[in-house]
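Asks: Below is the structure I would like to discuss, written out as structure tokens.
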Amino acid sequence: MTVIGLLLFSCVNTPFNVEKELNYCNLQLKKTGVEISGNNRMPRSIADTAARWKQEDVKIESWTVGFFPGILWYNYEYTNEPSDAEVAVYYTNLLYPLTKLPAYDHDLGFQLFCSYGNAYRLTGNEDYKRILLNAADTLATLFNPKAGTILSWPRDMNLYGGHNTIIDNMINLEMLFWASKNGGSKKLYDIAVKHAETTIKYHFREDGGCYHVTVYDSIDGHFIKGVTHQGYSDSSLWARGQAWAIYSYTMVYRETQDKKFLRFAEKVTDLYLGRLPKNEYVPYWDFDAPNIPNAPRDASAAAITASALLELSQLEDNREKSAKYQTAAINMLVELSSEKYQSRASKPSFLLHSTGHYPSGSEIDASIIYADYYYIEALIRYKSITNN
Ligand code: GLY
């Protein structure tokens, strides 16, 4: 924690009871455990009209399979109960077959760092470490040095007309940074930094808003275009995409201590905060969705951003900005923890009202597992920062 962070958090009046919210998550997890036990599948989402998890098999094609094990590790971090660790180990081990495969796409970071990354952080188990080091090398095989980024979707090279990179891919750099510090190659660090730099150059508009997808020539690497995949339009501000940008540039600054990444994290954050509805902290699924105020919200974007801003407020070298980001993060957590956004008795998830893929009509106004992951991560971060 930085000195600024210590000063700020030492004078904060805790505006909400984080233990209460973590106990709530623990209770919801118990309900999920009863519902999914025995079939070795991962909870994925609950439609707004449903009360039970849609579950998915563990397969390399699903980017979301690592979130439930990650949630279980955060829950264990809170409870410190050996039985909670056992469940986390069990669901983490279900992912083991994925650790042996060649790179299918960039989502390997989401799949294995949220699960095995937290497992290693909390247990120090060397088997987990070996798996993560191998996964980082596998992810790095998708790096194209001419383009300067990791390829996101090898299967969609023809569809997009080249080497495609999505903003979400930035999150996966954390596994490369981690590996380079934990016995892996220094090249992994260089790849992560190059990817982050190239992304700043081509993935963002003048105002700091990001495209979902950038396309580069796969032979000479030149930038071809920025387009959307899950946003409203190529030039709109897709809420979760911007949340990934906030989260990832904060993480890249933490890992590199290079101030240009801090300044960029501020830029993408200030745009997001400036475009939130007045006195509201959960965005519409796209800030430019045509039917606002009747458009669905995206609680996952708010959860990702809340977690990111708790970290950014600690890393800041500017006292005012630190306070601004801390206040915004707390406001987001308070709103997400309200009756409107928590599932409570209606469903076993933590949160309601996330939007997965609006253009394809999938997971709209739903409970989605990654919203729950970033929500509990934010609660754990809040607790550790405030010593609450
Ligand atoms: N990584 C895909 C998404 O954010 O929906």
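Asks: Pairs only if they're at least six apart or on different chains, beta carbon under 7 angstrom, first in the range 62-75 and modelled with pLDDT of 95 or more, second in a loop (DSSP other than H, G, I, E, B) and open to solvent by less than 10 Å² (accessible area, probe 1.4 Å); list them, first residue then second.
Replies: Sorted first by the residue in the range 62-75, then by its partner, the pairs are Val65/Leu95; Gly66/Leu95; Pro69/Leu95.
Asks: Oh, and also: Return yes or no: is Thr165 surrounded by fewer than 24 Cβ atoms within 10 Å (Cβ to Cβ) and within 16 Å of the ligand (Cβ to nearest atom)? Step through it out loud before you land on a result.
Replies: Details: surrounded by fewer than 24 Cβ atoms within 10 Å (Cβ to Cβ): no; within 16 Å of the ligand (Cβ to nearest atom): yes.
Answer is no for this residue.
Asks: Within the range 229-245, can one find any residue that is among the polar types (S, T, N, Q), within 16 Å of the ligand (Cβ to nearest atom) and open to solvent by 10 Å² or more (accessible area, probe 1.4 Å)?
Replies: So the first thing to find is which residues in the range 229-245 are among the polar types (S, T, N, Q), and the list is 230, 233, 235-236, 242.
Filter once more, keeping what is within 16 Å of the ligand (Cβ to nearest atom): 230, 236, 242.
Checking the rest, the ones that are also open to solvent by 10 Å² or more (accessible area, probe 1.4 Å) come to 230.
Within the range 229-245, one or more residues are among the polar types (S, T, N, Q), within 16 Å of the ligand (Cβ to nearest atom) and open to solvent by 10 Å² or more (accessible area, probe 1.4 Å).
Asks: Provide a single number: the residues in the range 254-291 that are open to solvent by 10 Å² or more (accessible area, probe 1.4 Å) and among the hydroxyl-bearing types (Ser, Thr, Tyr).
Replies: 3
Asks: Determine if the range 217-227 includes at least one residue that is buried (at least 17 other Cβ atoms within 10 Å of the Cβ) and part of a helix (DSSP H, G or I).
Replies: No, there is no match, as no residue in the range 217-227 is buried (at least 17 other Cβ atoms within 10 Å of the Cβ) and part of a helix (DSSP H, G or I).
Asks: Please list, ordered by first then second residue, the pairs with beta carbon atoms under 7 Å, 6 or more apart or interchain, first in the range 287-302 and among the acidic types (Asp, Glu), second open to solvent by 60 Å² or more (accessible area, probe 1.4 Å) and in a loop (DSSP other than H, G, I, E, B).
Replies: Pairs found: Asp288/Tyr232.
Asks: Report, by residue number, each residue of the range 51-102 that is more than 19 Å from the chain's Cα centre (by Cα), open to solvent by less than 40 Å² (accessible area, probe 1.4 Å) and within 16 Å of the ligand (Cβ to nearest atom).
Replies: Within the range 51-102, Glu56 is the sole residue that qualifies.
The values are calculated or read from the model by the stated rules, or taken from the named source; none is laboratory data. Given the structure is predicted, the values throughout are model-derived calculations rather than measurements. Cβ sites come from the backbone with ideal geometry, for glycine too, and all protein chains shown count toward neighbours. Note: areas computed on protein heavy atoms with side chains; ligands, DNA, RNA excluded. Shrake-Rupley method; radii C 1.70, N 1.55, O 1.52, S 1.80 Å.
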